[in-house]
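One structure is given below, encoded as structure tokens.
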Amino acid sequence: MAAPMHSPSEREAHLYALADNLLFKIERDGERFTLVRTADVSKPVRHERLTIDQAEALLGNWKLRGLGGG
């Protein structure tokens, strides 16, 4: 059975909440997102012009690796 679809606003709200939990800042430019993390890293981690799918996947990977990202 497929997972229930969430509205774009619910997805975006979840993205912002997950980013906050993982110490990322989100910048939005139209339909694209930039994720920036400066906490607990030797130099800023920046991922630019991501779709919401890409941003969710990136944050999901960081969540699996833990707050240290490693």
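Computed values, structure above
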quantity: Estimated dipole of the stretch 8-64 in Debye, rounded to 20 [Cβ of Lys and Arg +1, of Asp and Glu -1, Cα centre]; calculated: 240 debye
quantity: Computed over the chain: relative contact order in percent, which uses C-alpha pairs under 8 Å that are six or more apart; calculated: 24 percent
quantity: Amide hydrogen neighbours beyond the local backbone of Phe24, cut-off 5 Å, H modeled; calculated: none
quantity: Least to most buried among His47, His6 (fewest other Cβ within 10 Å first); calculated: His6, His47
quantity: The chain: calculated mean residue ellipticity at 222 nm from DSSP helix runs of at least 4, using -39500 (n - 2.57); calculated: -13000 deg cm²/dmol
quantity: Hydrodynamic radius by Kirkwood, which averages 1/r over all alpha carbon pairs of the stretch 8-64, in angstrom; calculated: 11.3 Å
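Every read-out reported here was derived from the displayed coordinates using simple, explicitly stated rules and does not represent laboratory data. What you see is a predicted model, and the numbers here were worked out from it, not measured in a lab. Don't worry about glycine lacking a Cβ; one is built from the backbone with ideal geometry, like all the others, and counts go over all protein chains shown.
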